[in-house]
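Enquirer: Got a structure here, written out as structure tokens. Questions coming.
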Amino acid sequence: MKNNKTFFLSILLLLLIENAIVAQSNISNPELNKLVDTDTKRLVEMFKDIHANPELGFMEVRTAAIVAKELKALGFEVKTGIGKTGVVGVLKNGNGPVVMYRADMDCNSVQETTGVAYANNKLVKNRAGEDVPAMHACGHDAHTIWMLGIAKAMVALKKSWSGTLVMVGQPAEELGEGAEAMINDKMYEKGVPVPDYLFGMHTAPFPVGYISNGSGKRMAGMDVLDVTFYGIGGHGSSPHVAKDPILMGAAAVIEYQTIISRAIDPQNAAVITVGSFQSGIDNNVIPGSALLKLNLRWFNEQDRILMLNGIKRINESIAFAYDLPKELYPTLTMKGMAYPLVNNEVMVDKVNKALEAVIVPEKNIKNIPAVMGSEDFHHLVIHNPKPVYDYMLVGVANKDATEKAAKEGKMFPFFNHNSNFEVDLSSIPLGVTLGTTALLEIFKK
């Protein structure tokens, strides 16, 4: 099997000899095509508005209000404040399956560099009360707009399907906490129908007109955790009377990687990332603590446990080496987590067959390798008796930018979470068409 880089580069090079990327001419549902075309201007303006006003996890108050207002106007029974800022809309349309569609709403702490006119330049408060940049660098703004466009189309096409449609605007996916927060807030006990099927879509940096909808393991499991090293502060000129937590943290950052290189089976995929190292303020002061923010990726529970236990042992060994008393040993705080995402084969095949009316089969990259990126999408149903779901990747990269990247030998013109992540506006109507087509098929018996 090709490695990810070679695989994706081959896709991009293929684009250079194609005249057209977007395959909307294949749409076989004229009524849906007309609905989407008519609604595109409104959806694009709403997308720009949400992009210009990004909100971090569990702070999506403005975005949630937009979702609630739009769904109510369409006739959905709307429930708000689930999992703090989550929104659920329920539309009953006769007998049939319960189908849930999910879109996440939160953004990233990233300073945007795309240069688009609707970029956000304002700082926002994070959960710690700090002023930080904010950007929709993972496409959740597109996810939200796709959902609203799909909801409108499904209402207009009510004669074409029968059952119950549940739309979920989920908070805090980036934290790995949002889906479980909605479940723990007793979403289903509060009257949200338990779905027979869950469907969703995520932006991807491959070109507009391409999708990836494969079965089996698609995304890695994830843990989000904080490690705090404690020391004894002091003057920078007298390190011998202090115990420096910055050195302890620095040693840990290096040692954690030995878990991957020397403890994980080389044929297994796993990642330990230290995404933030926070300690001290002044140049001449040894601080009293150092905070490391970690992110783990894995595909099997054994590797997960191995990494967590290894991190704990490394932390304690460093504290022991610095001769710290037990009360100053490092602490480890578990935050969000997600299990590997595993698409249902039957559901994937059903959706893919329907999508051939929108995207030619060659543009559905079904054999894409599983990615180390993670999602909590499936946590909306994994605790249910029938956890059947399909999560699809949708290309949002501009055609010219894609071709330029390929000529430069780059895998993509940008990646998710990068400051230059840019959703091409032509992917807004296409995403609505894809999602609506998939839902109409899922409702069929």
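Enquirer: Looking at the stretch 101-113 only, could you name the residues that are touching a Ser or Thr at 6+ places or on another chain (Cβ under 9 Å) and outside any loop (DSSP other than H, G, I, E, B)?
Expert: ALA103, ASP104
Enquirer: Kindly provide the set of residues from the stretch 82-98 that are part of a strand (DSSP E or B), surrounded by fewer than 24 Cβ atoms within 10 Å (Cβ to Cβ) and touching a Phe, Trp or Tyr at 6+ places or on another chain (Cβ under 9 Å), ordered by number.
Expert: Result: VAL90, LEU91, ASN93, VAL98.
Enquirer: Does the stretch 51-65 include one or more residues that are hydroxyl-bearing (Ser, Thr, Tyr), in a helix (DSSP H, G or I) and assigned by TED's automatic domain parsing to the domain that holds VAL423? Break it down stepwise before answering.
Expert: The first filter runs over the stretch 51-65 and keeps only residues hydroxyl-bearing (Ser, Thr, Tyr), leaving 63.
So of that shortlist, the ones also in a helix (DSSP H, G or I) come out as 63.
Adding the requirement that they be assigned by TED's automatic domain parsing to the domain that holds VAL423 leaves 63.
The answer is yes; a qualifying residue exists.
Enquirer: Hey, does the stretch 167-185 have a residue that's over 18 Å from SER419 (Cα atoms) and without any contact (Cβ under 8 Å) to a residue 12 or more places away in the chain? It would help to see each step written out before you state the result.
Expert: Residues of the stretch 167-185 that are over 18 Å from SER419 (Cα atoms), as a first pass: 167-173, 175-185.
Narrowing further to those that are without any contact (Cβ under 8 Å) to a residue 12 or more places away in the chain: none.
No; the residues of the stretch 167-185 include none that is over 18 Å from SER419 (Cα atoms) and without any contact (Cβ under 8 Å) to a residue 12 or more places away in the chain.
Enquirer: Return the residue satisfying two criteria in turn: it lies in the stretch 240-263 and is touching a Phe, Trp or Tyr at 6+ places or on another chain (Cβ under 6 Å), assigned to a helix (DSSP H, G or I) and not hydrophobic (A, V, I, L, M, F, W, C), and of such residues it is farthest from LEU296 (Cα to Cα).
Expert: So the residue we want is PRO245.
Enquirer: Could you list all residues from the stretch 127-153 that are exposed (fewer than 15 other Cβ atoms within 10 Å of the Cβ) and in a loop (DSSP other than H, G, I, E, B)?
Expert: Within the stretch 127-153, ARG127, ALA128, GLY129, GLU130 meet the criteria.
Enquirer: Moving to a separate point now. Determine, yes or no, whether ALA406 is at pLDDT 95 or above, more than 16 Å from the chain's Cα centre (by Cα) and not in a strand (DSSP E or B).
Expert: In short, no.
Enquirer: Can you find a residue in the stretch 342-357 that is in a loop (DSSP other than H, G, I, E, B), modelled with pLDDT under 95 and not acidic (Asp, Glu)?
Expert: yes
Enquirer: Among the residues of the stretch 433-445, what is the count of those that are in a helix (DSSP H, G or I) and either more than 22 Å from the chain's Cα centre (by Cα) or closer than 13 Å to ILE359 by Cα (or both)?
Expert: We begin by selecting, within the stretch 433-445, every residue in a helix (DSSP H, G or I); these are 433-443.
Those still in the list that are either more than 22 Å from the chain's Cα centre (by Cα) or closer than 13 Å to ILE359 by Cα (or both) too: 433-435, 437-438, 440-443.
Residues flagged as in a helix (DSSP H, G or I) and either more than 22 Å from the chain's Cα centre (by Cα) or closer than 13 Å to ILE359 by Cα (or both) within the stretch 433-445 amount to 9.
Enquirer: Still on this structure, I have one more. Among residues belonging to the stretch 86-124 that are touching a residue at least 40 places away in the same chain (Cβ under 8 Å) and of a type in the set (Lys, Arg), point out the one that is farthest from VAL423 (Cα to Cα).
Expert: That would be LYS92.
Enquirer: Let me ask something else. Spot the failing condition for SER237; the list is (1) assigned to a loop (DSSP other than H, G, I, E, B); (2) not assigned by TED's automatic domain parsing to the domain that holds ASP303, and only one is missed.
Expert: (2)
Enquirer: ALA156: closer than 26 Å to LYS34 by Cα, surrounded by fewer than 21 Cβ atoms within 10 Å (Cβ to Cβ) and among the aliphatic types (A, V, I, L, M), yes or no?
Expert: In short, yes.
Enquirer: Somewhere in the stretch 289-312, is a residue touching a helix residue (DSSP H, G or I) at 6+ places or on another chain (Cβ under 9 Å) and in a loop (DSSP other than H, G, I, E, B)?
Expert: Within the stretch 289-312, not a single residue is touching a helix residue (DSSP H, G or I) at 6+ places or on another chain (Cβ under 9 Å) and in a loop (DSSP other than H, G, I, E, B).
Enquirer: While we're on this one: Please indicate, with yes or no, whether at least one residue in the stretch 169-183 is assigned to a strand (DSSP E or B) and touching a strand residue (DSSP E or B) at 6+ places or on another chain (Cβ under 7 Å).
Expert: To start, the set of residues in the stretch 169-183 that are assigned to a strand (DSSP E or B) comprises 169-170.
Narrowing the set further to residues that are touching a strand residue (DSSP E or B) at 6+ places or on another chain (Cβ under 7 Å) leaves 169-170.
Checking the stretch 169-183: at least one residue is assigned to a strand (DSSP E or B) and touching a strand residue (DSSP E or B) at 6+ places or on another chain (Cβ under 7 Å).
The values are calculated or read from the model by the stated rules, or taken from the named source; none is laboratory data. Remember, it's a predicted structure, so these values are computed and weren't measured experimentally. Methodologically, a virtual Cβ is constructed for each residue, glycine included, from the backbone with ideal geometry; neighbour enumeration extends over all protein chains shown.
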